[in-house]
1. Pick out the one residue from Phe235, Phe212 that is in contact (Cβ under 8 Å) with a residue 60 or more places away in the chain, open to solvent by less than 40 Å² (accessible area, probe 1.4 Å) and more than 19 Å from Leu3 (Cα to Cα).
2. Name the single residue that is most open to solvent (accessible area, probe 1.4 Å) among those in region 1-14 being within 12 Å of Ala193 (Cβ to Cβ) and in a helix (DSSP H, G or I).
3. Among the numbered criteria (1) more than 19 Å from Phe13 (Cβ to Cβ); (2) touching a helix residue (DSSP H, G or I) at 6+ places or on another chain (Cβ under 9 Å), which one does Glu201 miss?
4. Quick check on region 68-91. Is at least one of its residues surrounded by fewer than 18 Cβ atoms within 10 Å (Cβ to Cβ) and either aromatic (Phe, Trp, Tyr) or not in a helix (DSSP H, G or I) (or both)?
5. Which residue is most open to solvent (accessible area, probe 1.4 Å), if the candidates are limited to region 126-153 and must be part of a loop (DSSP other than H, G, I, E, B) and over 22 Å from Pro33 (Cα atoms)?
6. What residue, among those in region 15-42 that are open to solvent by less than 70 Å² (accessible area, probe 1.4 Å), part of a helix (DSSP H, G or I) and among the aromatic types (Phe, Trp, Tyr), is farthest from Gly185 (Cα to Cα)?
7. Can you find a residue that is at pLDDT 90 or above, surrounded by fewer than 18 Cβ atoms within 10 Å (Cβ to Cβ) and among the aliphatic types (A, V, I, L, M) anywhere in region 100-111?
Amino acid sequence: HLLSRRMPSLGAFLFPVGLIYLVYAFVLFRCFPFPEGLSTWPLVVAVVSGFLRGIAVTIMLYTMIREEVSRVVPVVHTYPVFVAIMAVPLLGESLVSLEWLAIIMVVAGAVLVSIRRSPIGTGVWLGRSFNLLLGSSLLMATADIASKYALSYMSFWNMCSLSAFCMVFLFLLLSVRPSVFRELGGMKRRGSAIALIVFNETLAFSGIILSFSAMEKGLVSLVSTLVGTRPIFVFIYALVLSRISPVLLEGHSTKVALGLRLTATAMIVGGIAIIQLV
């Protein structure tokens with residue numbers, strides 16, 4: 001809603017988000033100091049993780065401007081599959097046949113949810129956004145693997161503050177432009193939009209804290225899998241909101257398209273669940 005209806009550009013959205021995360025990062029940094037004797041390598045890994053996560057989120061937001069949210073989120077949240085695959089060489093884990101079947105289910109679901117009709121109404125084609133979203137998914141998975149390693153040396157509060165600082169640097173780097181300042185200055189109902197951004201990013205940052213807390217206590221593949229159920233909630237919320245008020249979210253999907261996306265989302269969630277239930 002903010003990206004497509006309220007904010008004039010992605011940069012205009014990222015600038016206030018960067019400032020909000022700067023406040024949250026500084027508060028966490030002051031309240032939860034890093035452990036004494038922390039070596040350089042875990043710190044480097046944590047910073048790399050933060051930047052990878054920030055790039056993945058930026059790609060997702062960029063694509064979300066052009067695509068429906070219920071189409072974007074399921075593709076990005078194929079990343080638990082990449083986590084499972086990377087855990088084989090990096091963590092010494094192995095995958096059984098049923099888990100590889102689950103991987104096929106998830107990838108097939110991601111393809112299905114991103115398929116569109118061609119402009120002339122015949123055949124299907126994969127939108128150019130699919131490759132970007134798949135790249136975002138891979139970056140997110142790599143960030144999770146790196147975060148799990150870093151969490152062996154620091155608390156999840158430390159990881160949250162570092163990740164937030166990395167996102168602040170990236171978001172401000174992309175948004176500190178004279179054109180962005182002009183866009184923000186010329187906005188109508190700027191106060192309500194900023195208030196909504198603060199509320200939105202408070203929810204998002206709370207989710208980040210909970211995710212890192214869970215990752216510190218449990219298996220990264222399990223945590224990624226549970227977070228990977230997010231598409232089903234996004235699909236339901238987007239469907240309900242688009243029916244309640246078209247002002248909130250635009251929805252032009254037919255019943256057939258909605259059925260396909262629900263099927264695809266169920267395949268993704270079911271596939272990533274199988275990975276952990278085997």
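The values are calculated or read from the model by the stated rules, or taken from the named source; none is laboratory data. Only a predicted model underlies this, so the values are computations on that prediction, with no experimental measurement involved. Neighbour counts are summed over all protein chains in view; Cβ atoms, including those assigned to glycine, are modelled from backbone coordinates with ideal geometry. The protein model used for the area step is the full one, side chains on, heavy atoms only, and it has no ligands, DNA or RNA in it. Shrake-Rupley method; radii C 1.70, N 1.55, O 1.52, S 1.80 Å.
1. Phe212
2. For region 1-14, the residue satisfying everything is Arg5.
3. All conditions are met except number (1).
4. No - not one qualifying residue is present in region 68-91.
5. In this case the residue turns out to be Arg128.
6. Filtering region 15-42 for residues that are open to solvent by less than 70 Å² (accessible area, probe 1.4 Å), part of a helix (DSSP H, G or I) and among the aromatic types (Phe, Trp, Tyr), the one farthest from Gly185 (Cα to Cα) comes out as Tyr24.
7. no
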